1. Mind sorting B:199, A:250 by how few other Cβ atoms lie within 10 Å of their own Cβ, fewest first?
2. Can you tell me the orientation of helix A:137-146 relative to chain A, as the angle in degrees between its alpha-carbon axis and the longest Cα principal axis, to the nearest 10?
3. Would you look at the GNM of chain B, springs on alpha carbons closer than 10 Å, and say which of B:82, B:262, B:220 moves the most?
4. Using alpha-carbon pairs under 8 Å, 6+ residues apart, how would you state the relative contact order of segment A:67-184 in percent?
5. For segment B:61-117 and segment A:18-66, what is the centre-to-centre distance using only Cα atoms, to the nearest Å?
6. If you take every DSSP beta bridge whose two residues both sit in segment B:143-296, what share of them, in percent to the nearest 5, is antiparallel?
7. How high is the relative contact order of segment A:219-274, given as a whole-number percent (alpha carbon pairs under 8 Å, six or more residues apart)?
8. Please figure out what share of the DSSP beta bridges in chain B is antiparallel and state it in percent, rounded to the nearest 5.
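Derivation of every value follows stated rules applied to the coordinates shown; laboratory data play no part. Since this is a predicted model, take the numbers as computed values, not measurements. When we count neighbours, we look across all protein chains shown, and the Cβ atoms used for this are built from the backbone with ideal geometry, even at glycine.
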């Protein structure tokens, strides 16, 4: 197996400019439940990690459930090239994600990665707002950590139903200024993400990013358009393959139907038919 | 050394493992993972005369041991293929086969004429079995007269190996196979997807925008295998088998049932390396069972 992988690496080294993708076996290092529906699964590769951009994703094979035939896509959350580990944030939505949250340390999972195109990183001196809801907080936090800007220039709003639905992100204060909203007011601002005071003046930001439930992203995009600030969103359309061959995850855009898995998942909202 | 090469009535394949149309794009997506020269052939994404946007989202639904799709032949048309895609892929060291679709016989013929000009296209697969388009597609493949008509007209303008891809959504697939054989098809490939549907019991709505779609994956393998076996006994031309093949053992079963080559489709969505692993697995099976030539396996079912 290792020989086969090395062979593929060699073959690819002499190839075109297309983005390299791999199918790799990862070992589960930890599977930590943050609350009743959100889990953080950390996985280690025996090979050096491929370079991963914030916003890129992996398609994960679901072990041991015959009712789950296809892989499930997850944003690559925390990436550590020193230990060759990545983590994914799994929110239980159905039988696939439920099965995945039952994996134990030491089990192996097959990942296809890195998939899709990530967020456009901010330039030096810019100020950004990144908004995440539900499992959409994963790519948003990954972006905040990789933006290489002073923390006062990186504002993150994390939205959830209730305080208990929020994942622990205290260590992100090293890279970003974090704000919270909850539907029930149990943490941070009472209301949805767009009711946060930062939305009163979006023109202070050079770029806005969002990932989360569709209504949330559309609300953020609408505000960004009004303020005429560049806005990128990361879509979560249903997909089978994740690498551009099945054409199932299409999104209508100004350039026609595009695959979210290869042309996205990150899109500038001006290119979408929203 | 074992021999893995097969000859599908003029279509020489270095090994009998191809990727199915609609499951490997134009081959380029596979090159992101590996060197496609390890494959016997690539069936390119179905093309039509003009640009097609395909069906609205959602286009897929997972099912037990498989999936439904309703892509609807999204592609940019044959002229775009020839000007933009063909130059990028033509030198792949594997057999490239174009999957041709149309709403009318005239469209099938016009696309075929353009494809016939391309030197690096080894063969074409006439798709008369797509279940996801309103006009044409499967309509041509479910009755003998229409299957004969489109095969005859396409045959007139295509000098290279002509494969006709059959629909399983018929009463007797051997009748359709015999009909296209009679009009000069060099081989038949089967099966395309089975018409199916899925419903969300909570919302009471269909899971696909088109309500119905094509079922593929291991769920359909036993039916596909049975149809390949029936057709291989009914016609003299070679049969290319597909339908739910996930590993080398599945592939061997299709050879024994009478397939001269196989296509791997939905399995690619699970793991793009599977076609290459199947080639290796077939080779290992042949060493293990002392089979020197893959051709000695074809139709080797012992009853």
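1. B:199, A:250
2. 90 degrees
3. B:82
4. Relative contact order here is 20 percent.
5. Cα centres, segment B:61-117 to segment A:18-66: 33 Å.
6. 40 percent
7. 36 percent
8. Roughly 40 percent of the DSSP beta bridges within chain B come out antiparallel.
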